[in-house]
Amino acid sequence: MAFPMAFTFREKVLVADQTVLVEVAGKALLVQEGDKDWWFYGVQPGGMAQGGETEQAAYHHFHIAFKTILSDMAAEAGSFQAFSDEVTKFFSQEDGKTGGMWDEARMK
């Protein structure tokens, strides 16, 4: 079973002594694997995947992973522009295979 999902995350992060608000909208594929495992696979951004015993747990772990990635980017950025460029680059990555599965699930 697969479900196409859209999400919006809003996170405050500290970048070069400035607090900035990052707002992104993305796509993910929620997939039930086995009887108890749910996975949230990133379509955009691609390359992210987190699982859990419930749909909500998989989503929660995915959100936490996203926040961790943002925090790491912010810590490594020397300026707001460098951070912005990294977030844009990361978020523009799309997983074509999962994207195809997302489109297929959307049509069902």
*Give me the pairs, please: first residue somewhere in region 1-17 and farther than 27 Å from Asp37 by Cα, second residue anywhere and assigned to a loop (DSSP other than H, G, I, E, B), beta-carbon distance under 9 Å, and either six or more positions apart or on two chains.*
Val15/Ala77; Val15/Ser79; Ala16/Ala77; Ala16/Gly78; Ala16/Ser79
*asked:* With the structure loaded, tell me whether Ala77 is of a type outside the set (S, T, N, Q) and more than 16 Å from Glu23 (Cα to Cα) or whether it fails that test.
replied: yes
*Got a number for residues in region 1-22 being assigned to a strand (DSSP E or B) and exposed (fewer than 14 other Cβ atoms within 10 Å of the Cβ)?*
8
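Given the structure, is Ala57 farther than 24 Å from Ala16 by Cβ and not polar (S, T, N, Q)?
Values: farther than 24 Å from Ala16 by Cβ: yes; not polar (S, T, N, Q): yes.
For Ala57, the condition - farther than 24 Å from Ala16 by Cβ and not polar (S, T, N, Q) - is met.
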*Only residues that are farther than 25 Å from Gln32 by Cβ and open to solvent by less than 50 Å² (accessible area, probe 1.4 Å): list them for region 70-102, please.*
Leu70, Met73, Ala74, Ala77, Ser79, Ala82, Phe83, Ser84, Val87, Phe90, Phe91
*Can you find even one residue in region 23-38 that is more than 23 Å from Gly100 (Cα to Cα) and assigned to a strand (DSSP E or B)?*
yes
_Where a residue in region 81-108 is among the hydrophobic types (A, V, I, L, M, F, W, C) and its partner, wherever it lies, is assigned to a helix (DSSP H, G or I), with Cβ under 8 Å and at least six apart_ = Phe83/Met73; Phe83/Ala74; Val87/Leu70; Val87/Met73; Phe90/Ile69; Phe90/Met73
*Inspect region 62-69 for any residue being open to solvent by less than 50 Å² (accessible area, probe 1.4 Å), aliphatic (A, V, I, L, M), at pLDDT 95 or above and more than 18 Å from Ala25 (Cα to Cα) and give the result as yes or no.*
no
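Please state which one of Gly34, Gly46, Gly42, Gly26 is free of Cβ contacts under 8 Å to residues at least 12 places away in the same chain and open to solvent by less than 70 Å² (accessible area, probe 1.4 Å). Explain how you work it out, then say what you get.
Numbers: Gly46 fails: free of Cβ contacts under 8 Å to residues at least 12 places away in the same chain; Gly42 fails: free of Cβ contacts under 8 Å to residues at least 12 places away in the same chain; Gly26 fails: free of Cβ contacts under 8 Å to residues at least 12 places away in the same chain.
Matching residue, one of Gly34, Gly46, Gly42, Gly26: Gly34.
The values are calculated or read from the model by the stated rules, or taken from the named source; none is laboratory data. Please read all numbers here as calculations on a predicted model, not as lab measurements. Positions of Cβ are backbone-derived with ideal geometry, glycine not excepted, and every protein chain shown enters the neighbour counts. Keep in mind that these areas ignore ligands, DNA and RNA; they rest on the heavy atoms of the full protein, side chains included. Shrake-Rupley method; radii C 1.70, N 1.55, O 1.52, S 1.80 Å.
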